[in-house]
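J.: Sharing a structure here in structure tokens format.
The values are calculated or read from the model by the stated rules, or taken from the named source; none is laboratory data. Remember, predicted model here, so these are calculated numbers, not experimental data. Positions of Cβ are backbone-derived with ideal geometry, glycine not excepted, and every protein chain shown enters the neighbour counts. Surface areas here come from the heavy atoms of the whole protein model, side chains and all, with no ligands, DNA or RNA. Shrake-Rupley method; radii C 1.70, N 1.55, O 1.52, S 1.80 Å.
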Amino acid sequence: MLIVQKYGGTSVGDIERIQNVAERVVKTVNEGHQVVVVVSAMSGETNKLVGYAEAFTATPVKEEMDMLLSSGERVTASLLSIALNAMGYQATSMSGRRAGIMTDAVHTKARIESIDASSMINALHDGSVVIIAGFQGVNSDGRVTTLGRGGSDLSAVAIAGALHADLCEIYTDVEGIYTTDPRIEPKAKKMEKISYEEMLELASLGAKVLQNRSVELAKKLNVNLVTRSSFSDAEGTLITKEENIMEQALVSGIALDKKQSRISLEGVVDRPGIASDIFIALADKSVNIDMIIQTSGHDGTTSMDFTVSGDELHDAKNIIDTFVANNEVQKASYDEGICKVSIVGVGMKSHTGVAAKAFSTMAKENINILMISTSEIKVSMVIEEKYAELAVRALHDVYELDR
Ligand code: ADP
Ligand code: ASP
Ligand code: MG
């Protein structure tokens, strides 16, 4: 088999752990498989590099951030290759460029456009273990790009797709996908399987165990994706098509996103096209908007509340300030002390009362809901951040996810 194994930051967090990964790779090779390894930066490394840049300015040039942050993954890739060589195994490390990963030019959150897999294929034919620095690619100008935080998952899935790998294993510091973050709710249960759709919702709604774009791509390319621990031999969680899952839970998981910020606009001039002007300006700067609530006033103005991811707040603020300066918005305020709690489950499609139960649970805990949004398979609520963990545990309880 051809297996792609991705090891996250904690799994390569120090020299002993890189040695542990090397041993796991060797075991897979000795079982007769071809192995492509994708690695993250050592844990904490990417944040450390961000901190260095932000010591100079809150808004470092994005092209330079990519140059800087991509270095973390290259350190791990070369160290792992050196470790394998020292154990007598043939291995070669590759940057995103050598691995042929071509992206667009949206620095710090680039999209993969194509993969020229020839270098990887040649190295595999030579009998090498191929080790790829995750999270990065190169744009058509030859500049290094990165794929958004957590983007090594995306590298792994994209490479598994390009090489038609039999399996893509994501090794991390928990044993699989749980009903909620096991660090928040120790009673959380590991799932044997989860559908791409549910996993995509959980990941998009804050469960950082997999990057959401990696799940989206895995679904599109039909990649056999397994999440498991690099610290044990426990079987992980298979992410697969809905029809491969026999028992459908009503609610299968709860996600928490603490990185959300709320932007409130008051006294917005109520003219046709104002919403489009505001949101197109934000989209032009690649700011992703999540929930939007508009309430019409009675004095020819309206108010709008919406949420953005915390790391995009700064860009959003710059754009909104222009609307305030042009008198199209009277007042803008920014609230970072909020979070989003979501329940996810395909069973919701065919059952009623699921959302009502979530709202009454919040009421029982005396938690005020600030915003709500729903789709076919999820209910999200924005609440004050101080209630985040309490809300997750209460919801986990009420839907009996520990059973
Ligand atoms: P890596 O560095 O391996 O990429 P991450 O820190 O990105 O690992 O993701 C793993 C973490 O995701 C876990 O330590 C856990 O705290 C968190 N997590 C959040 N939600 C879930 C969930 N539903 N199941 C498992 N882990 C989750
Ligand atoms: N090192 C990058 C990050 O911390 C990418 C990754 O780990 O997947 O976001
Ligand atoms: Mg991760």
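J.: Quick one: Cα convex hull volume of segment 359-403, Å³ per residue?
T.: Hull volume normalised by residue count: 73 Å³.
J.: Using alpha-carbon pairs under 8 Å, 6+ residues apart, how would you state the relative contact order of the chain in percent?
T.: 13 percent
J.: Among the DSSP beta bridges whose two residues both lie in segment 158-239, what percent are antiparallel, rounded to the nearest 5?
T.: Around 35 percent antiparallel, to the nearest 5.
J.: Report the Cα-based extents of segment 241-367 along its three principal axes, largest first, to the nearest Å.
T.: Taking max minus min along each principal axis of the Cα atoms, segment 241-367 gives 56, 31, 29 Å.
J.: To the nearest 10 degrees, how steep is helix 354-364 against the longest Cα principal axis of the chain, on a 0 to 90 scale?
T.: Here the helix axis deviates by roughly 70 degrees.
J.: Taking the Cα centre of the chain as the origin, how large is its charge dipole in debye, to the nearest 20, when only Lys and Arg (+1) and Asp and Glu (-1) carry charge on their Cβ atoms?
T.: So the dipole magnitude of the chain works out to roughly 420 debye.
J.: Ordered by residue, what ³J(HN,Hα) values in Hz, to whole numbers, does segment 205-210 give under the Karplus form 6.51 cos²θ - 1.76 cosθ + 1.60, where θ = phi - 60° and Gly and Pro are x?
T.: 9, x, 6, 6, 4, 9
J.: Among the listed pairs LYS190/LYS364; LYS6/LYS193; LYS190/LYS340, which are separated by more than 24 Å between their Cα atoms?
T.: LYS190/LYS364
J.: Now, a different point. For the chain, what is the mean residue ellipticity at 222 nm derived from helices alone (per DSSP H run of n ≥ 4: -39500 (n - 2.57); sum divided by total residues; nearest 500 deg cm²/dmol)?
T.: -10500 deg cm²/dmol
J.: Which whole-number percentage describes the relative contact order of segment 24-108, with Cα contacts under 8 Å and a sequence gap of 6 or more?
T.: Result for segment 24-108 is 31 percent.
J.: Here's something else I'd like to know. Can you give the accessible area per residue of the chain, in Å², using a 1.4 Å probe?
T.: Value returned for the chain: 46 Å² of accessible area per residue.
J.: Percent of alpha carbon pairs in segment 311-395 separated by more than 18 Å?
T.: Tail of P(r) above 18 Å: 54 percent of Cα pairs.
J.: Based on the mean of other beta carbon atoms within 10 Å per residue, what is the order of 354-366, 87-99, 208-220, most packed first?
T.: Top of the packing list down: 208-220, 87-99, 354-366.
J.: Take the alpha-carbon centre of segment 2-42, take the same for segment 267-288, and report the distance between them in whole Å.
T.: After rounding, the separation between the Cα centres reads 46 Å.
J.: Here's a follow-up. Dipole of the chain (Lys/Arg Cβ +1, Asp/Glu Cβ -1, origin at the Cα centre): which of LEU401, VAL4, ALA207 lies farthest to the positive side?
T.: VAL4
J.: Moving on. With angles folded into 0 to 90 degrees, how steeply does helix 388-398 sit against the dominant principal axis of the chain? Use alpha carbons for both and round to 10.
T.: Computed tilt is about 90 degrees.
J.: Something else now. So how long is each side of segment 184-304 along the principal axes, counting just the alpha-carbon atoms, biggest first, in Å?
T.: 63, 33, 29
J.: Taking segment 138-248 as the region of interest, what is the percent of Cα-Cα pairs per 10 angstrom bin, listed from the shortest bin to the one with the maximum distance?
T.: Cα pair-distance distribution for segment 138-248, in percent: 14, 46, 30, 7, 2.
J.: Here is a further query. Could you tell me what fraction of 2.2 N^0.38 Å the Cα radius of gyration of segment 276-345 comes to, as a two-decimal ratio?
T.: 1.19
J.: If you don't mind, another one. Tilt of helix 15-30 relative to the longest C-alpha principal axis of the chain, in degrees (0 to 90, nearest 10)?
T.: It works out to around 60 degrees.
J.: Over the chain, with every protein chain in place, what whole percent of the accessible area is carbon and sulfur at 1.4 Å, could you tell me?
T.: Of the solvent-accessible surface of the chain, carbon and sulfur hold 48 percent.
J.: If you don't mind, there's one more thing I want to ask. Taking just the alpha-carbon atoms of segment 56-196, what radius of gyration and Dmax come out, in angstrom?
T.: Cα only, segment 56-196: 17.0, 49 Å (Rg, Dmax).
J.: Starting from the Cα-Cα distance between ARG403 and ALA283, subtract it from 0.36 nm times their residue separation and give me the gain in nm to one decimal.
T.: 39.0 nm
J.: Calculate how many DSSP beta bridges within the chain are antiparallel, expressed in % of all such bridges and rounded to the nearest 5.
T.: The antiparallel proportion sits near 65 percent.
J.: Quick one: give the max-minus-min coordinate of the C-alpha atoms of the chain along each principal axis, largest first, in Å.
T.: Result, largest extent first: 75, 51, 34 Å.
J.: How far is it, in nm, from the label point at PHE56 to the one at ASP173 when both lie 7 Å from their Cα along the line to the Cβ?
T.: Computed distance between label sites PHE56 and ASP173 equals 2.9 nm.
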